[in-house]
Amino acid sequence: MSHDRFYITTPIYYVNADPHVGHAYTTIMADIFARHHRQRGEEVFFLTGTDEHGAKIARAAEAAGHTPKAHADALSARFRDLGRVLEASNDFFIRTTDPKHIAEVQRLLAVMHERGDIYKGSYGGWYCTPCEAFYVEGELGDGNTCPIHGTPVEWLEEENWFFRLSAYRERLLAHFDAHPGWVVPGPRYNEARRMIADGLEDLSISRSQISWGVPVPWDPKQVIYVWVDALFNYWTALGYGAGPDGERFWPPDLQLMAKDILKFHAVIWPALLMAAEIALPERLAVHGYVLKGGEKMSKTTGNLVDPFPFIADYGIDALRYYLSREIRFGEDGTFSAEGFEARYTGELANELGNLLNRTVNMIGRYRDGVIPADRGLDTEIPAEIALRTDEIIAAFNTADVTRAVETAWVLVRALNRLVEQRAPWALAKDPAAGDALDQVLFTLAAGLKSVVVLLWPVIPGSAERALSSLGQDPAAVTLSDAIFGTGVAGARVTAILPLFPRVEGRPE
Ligand code: MSP
């Protein structure tokens, strides 16, 4: 991953219902990666979008009394709006109803068909519509229920087109063995490899009983299985959503998803790509579930948290920070209003917001608002910033967002300790301590600048406001801007309203 381009994706979200905090989570995490890689100076392509075909969507549309397309248009717009509110910096938003996506999926299928990887057969199996997937008896829960949703599965039997997934077993295993970091974290790699080693059945890749989908090019009475249509979005988007020569971004450097769709991405997706003769992605990063009350947040369980009220009350950066820090990337974590409030007040407001406020006020009071020169008396903070910057880069290289945020926060705490230890208000009373006061004010301003640049991927708006307040260019947020001390001395600070103001009352 040392090249100068970076292509990152989220799963495309089903438009059967409104977005919730679970969807916001993946988009925010992907955005943090995208922004960090832009900080490195890489040319980033960040893709998200909506998955709009299949029985699940057709049924939701019918229940709402709309045509599938009208329903998909309305819900897709909600996901797009959510992205804007999250300040997601995605470069394109794909919809699987885009005509150019449909045409390319049909072309790819025809290629696979010509190569002999697709044949006609009949299949009967237990189908879960919320998953849009078949299960074998042994995988089902009590009373013929879906192992993921706990809802009843249906027996589905029809004549379909099949993809020779089983024929790819050896090649898939070889790929896993040659690329030990292909799926992270490690336990997910092992889980996916085991699925392949245990044996693969061929995959039914068309449906005859539903019409809401992409027609099979050589048999238009059937539509392409929604997962095949959906997975190819990562490829088709580059053909029309990334400008001329969009294919230069292929293959994806990082594909994010929750663990429920591991098999689709780590087993079926690479086999489809092999069949279509397309290079495989560099890495899949599988995260856990955002839980509420101990359960996965999902439409099916009904325990949803609407992100919009939290954003309205606390600001988007508070949500971005909370999710990246509270839920250890790769593991499940609980969303709670109490936990949110505690991190907002205890960390964002009291540790970071106050630090900026105090620094700017002291420079105003003791140095007429101009950041003094570096007297060369501090070495610890600059060394710590250099060290932590390397650690943050390393954390992103292993797809560990939470560790990156925690590491930046170590610096916030180091600067707060410096204020307490040096007590600038006491130095200001001592006429012989002018240099010492200059130094601590310089170190605080320079240190804060570095910290907010490092935190910019997580809290972009707040970081930019902080930079302005420190007399810095708010657009200068590359990793080289995080190097301690550059362009700080002599800049004029401006007092601003608190970055993270007190919030009265809180969302349910
Ligand atoms: N449409 C498929 C994906 C096709 S990708 C080619 C799908 N959609 S989904 O809307 O059900 O979920 C997509 C993703 O949303 C999950 O993989 C995950 O990234 C995110 N999440 C949805 N609910 C979530 C939680 N409760 N917790 C964490 N992530 C969640 O599957």
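The values are calculated or read from the model by the stated rules, or taken from the named source; none is laboratory data. Everything quoted here is computed from the prediction, not taken from an experiment. Neighbour counts run over all protein chains shown; Cβ positions are idealised from the backbone, glycine included. Only protein heavy atoms, including side chains, enter the accessible area calculation; ligands, DNA and RNA are left aside. Shrake-Rupley method; radii C 1.70, N 1.55, O 1.52, S 1.80 Å.
Here are the numbers for this structure:
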read-out: Inverse of mean 1/r across different Cα pairs in the chain, Kirkwood, Å; value: 24.7 Å
read-out: Cut-off 10 Å between beta-carbons: net charge of the residues surrounding residue 144, Lys and Arg +1, Asp and Glu -1; value: -3
read-out: Charge tally in the Cβ shell below 12 Å around residue 460, where Lys, Arg are +1 and Asp, Glu are -1, residue 460 excluded; value: 0
read-out: Centroid-to-centroid separation of segment 315-363 and segment 65-109 [C-alpha atoms, Å]; value: 32 Å
read-out: Helix 380-397 vs. the chain, principal-axis angle (Cα, 0 to 90°, nearest 10); value: 0 degrees
read-out: Ordering of 405-415, 50-60 by packing [mean C-beta count within 10 Å, highest first]; value: 50-60, 405-415
read-out: Per-residue ³J(HN,Hα) for segment 363-368, Karplus 6.51 cos²θ - 1.76 cosθ + 1.60, θ = phi - 60°, Hz, x for Gly and Pro; value: 5, x, 6, 8, 9, 6
read-out: Residue 211 accessible area, assembled protein chains, probe 1.4 Å, Å²; value: 100 Å²
read-out: Against the rule of thumb 2.2 N^0.38 Å, how large the Cα Rg of segment 336-482 comes out; value: 1.06
read-out: Solvent accessible area, Å² - residue 219, 1.4 Å probe, full protein context; value: 20 Å²
read-out: Counting all C-alpha pairs of segment 388-436, share separated by more than 15 Å (%); value: 58 percent
read-out: For segment 459-467, 3J(HN,Hα) per residue [Karplus equation, 6.51 cos²θ - 1.76 cosθ + 1.60, θ = phi - 60°, Hz, x = Gly/Pro]; value: 10, x, x, 5, 5, 5, 5, 5, 4
read-out: Ordering of 241-252, 393-404 by burial proxy (mean other Cβ atoms within 10 Å per residue, highest first); value: 393-404, 241-252
read-out: Cut-off under 5 Å, modelled amide H: who pairs with residue 94 long-range; value: 48, 49, 50
read-out: Cα gyration tensor category, rounded, prolate or oblate, for segment 45-106 with a/c compared to 1.5; value: oblate
read-out: Net charge over other residues, Cβ less than 13 angstrom from the Cβ of residue 202 (K, R count +1; D, E count -1); value: +1
read-out: Helical contribution to [θ] at 222 nm, DSSP H n ≥ 4, -39,500 (n - 2.57), averaged over the chain, rounded to 500; value: -13500 deg cm²/dmol
read-out: Cα-based reach from residue 221 at 16 Å (exclusive), listing lysines while leaving out same-chain residues under 8 positions away; value: 120
read-out: Part-to-part distance (alpha-carbon centres) for segment 450-478 and segment 378-402, which is given in Å; value: 17 Å
read-out: Cα gyration tensor, segment 5-305 - rounded (a/c under 1.5), prolate or oblate; value: rounded
read-out: Against the rule of thumb 2.2 N^0.38 Å, how large the Cα Rg of segment 436-507 comes out; value: 1.18
read-out: Kirkwood-based Rg to Rh ratio, segment 77-123, C-alpha trace; value: 1.24
read-out: Centre separation in Å (Cα based) which lies between segment 169-186 and segment 43-63; value: 28 Å
